Ligand code: GDP
């Protein structure tokens, strides 16, 4: 239900245009494919990905001798799933240690929903019976530490912090010691996101990461880049910037409830190779879901 509601804007825009297209065409020709191309691009599927999809569709339509435009819809879904999965399974699974501390590092620019996402994920782990600690590593943005503390109270999870303006790497060091001392299973690390000074931000992230690597074997176990779906192609360029600077292992795509351009999920995966791990569908604590490829892609049309 929540998933359906959260995707209403994308689904309505997408399926509305698709149905209109299928209703107007009696046969499948070049014009049909061109219109289809425009619809997919307007949903932010990404130009390269759309070209790839259209080529595959044309081949499949010929191969199966499909005549009726309405039959193309299923082929689109199938091909999108293939393009997304690339033969891999469980793309949204997190690298969680069975024993000892798992460290998840969250990166992304201000305002994308990083703090909110960390709060929501803390709650999910807590509900699974795990002991969670959060590290207030955004010491730069005014109010970021307090905001994480509000989430800490809301979901009843400890927050390790220092004064505003202090060294984020020192916060991480403290947080790791605290998490170990308390026998925590999961440490969720917030980080700063000021992109105005890209070089400094990336240096800071490197330093934070080095502390984590030194203090916990094989950590960070995930580096999750949080992106705001409503920013469209801008999200894609943020993903490029961050993945050049650090080993991003997956994406959290927030605010899908606020956009009709949910095709960005496919562009991120196909153009950057990064899997979407979670999708944000609202501001409340339960409005975050593990990404499910088939549910998502078939949900665009249903
Ligand atoms: P940060 O600067 O990256 O830490 O961003 P915040 O966590 O402060 O979030 C910025 C705003 O986005 C807040 O008003 C959040 O409530 C809102 N937000 C976060 N995730 C979602 C989402 O999935 N959907 C919607 N509609 N709003 C969200």
Exactly one condition in (1) within 16 Å of the ligand (Cβ to nearest atom); (2) surrounded by fewer than 18 Cβ atoms within 10 Å (Cβ to Cβ); (3) closer than 24 Å to residue 128 by Cβ is not met by residue 241; state its number.
-> (3)
Looking only at residues in region 223-236 that are in a helix (DSSP H, G or I) and modelled with pLDDT of 90 or more, which one is surrounded by the fewest Cβ atoms within 10 Å (Cβ to Cβ)?
-> 234
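Each row is one residue, and each column tells you yes or no for (1) touching a strand residue (DSSP E or B) at 6+ places or on another chain (Cβ under 8 Å); (2) surrounded by 16 or more Cβ atoms within 10 Å (Cβ to Cβ); (3) more than 25 Å from residue 21 (Cβ to Cβ); (4) in contact (Cβ under 8 Å) with a residue 12 or more places away in the chain.
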{"site": "46", "(1), (2), (3), (4)": "no, yes, no, yes"}
{"site": "55", "(1), (2), (3), (4)": "no, no, no, no"}
{"site": "58", "(1), (2), (3), (4)": "no, no, no, yes"}
{"site": "64", "(1), (2), (3), (4)": "no, no, no, no"}
{"site": "109", "(1), (2), (3), (4)": "no, yes, yes, yes"}
{"site": "112", "(1), (2), (3), (4)": "yes, yes, yes, yes"}
{"site": "140", "(1), (2), (3), (4)": "no, yes, yes, yes"}
Condition set assigned to a loop (DSSP other than H, G, I, E, B) and closer than 17 Å to residue 130 by Cβ, scope region 175-211, selection farthest from the ligand (Cβ to nearest atom): answer is 183
Output for region 105-137, where each listed residue is more than 18 Å from residue 238 (Cα to Cα) and either under 14 Å from the mean Cα position of the chain (by Cα) or within 13 Å of the ligand (Cβ to nearest atom) (or both) | 116, 118, 119, 120, 121, 122, 134, 136, 137
Which residues, counting only those in region 163-174, are within 16 Å of the ligand (Cβ to nearest atom) and part of a helix (DSSP H, G or I)?
-> 168, 171
Checked 250, 280 against criteria (within 11 Å of the ligand (Cβ to nearest atom), surrounded by 20 or more Cβ atoms within 10 Å (Cβ to Cβ) and either over 14 Å from the mean Cα position of the chain (by Cα) or under 30 Å from residue 153 (Cα atoms) (or both)); the one match is 280
Can you tell me which of 269, 214 is touching a strand residue (DSSP E or B) at 6+ places or on another chain (Cβ under 9 Å), outside any loop (DSSP other than H, G, I, E, B) and over 23 Å from residue 147 (Cβ atoms)?
-> 269
Matching option when the condition is touching a helix residue (DSSP H, G or I) at 6+ places or on another chain (Cβ under 6 Å) and surrounded by fewer than 18 Cβ atoms within 10 Å (Cβ to Cβ), among 37, 30, 1, 88 | 37
Could you please find all residues in region 255-266 being out of contact with any helix residue (DSSP H, G or I) (no Cβ under 6 Å at 6 or more places or on another chain), within 16 Å of the ligand (Cβ to nearest atom) and part of a loop (DSSP other than H, G, I, E, B)?
-> 261
Just one of 146, 153 is away from the ligand (no atom under 15 Å from the Cβ), part of a helix (DSSP H, G or I) and farther than 19 Å from residue 102 by Cα; which is it?
-> 153
Can we say residue 53 is within 16 Å of the ligand (Cβ to nearest atom) and modelled with pLDDT of 95 or more?
-> no
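The values are calculated or read from the model by the stated rules, or taken from the named source; none is laboratory data. Only a predicted model underlies this, so the values are computations on that prediction, with no experimental measurement involved. All Cβ positions, even for glycine, are placed from backbone atoms using ideal geometry, and neighbour counts span all protein chains on display.
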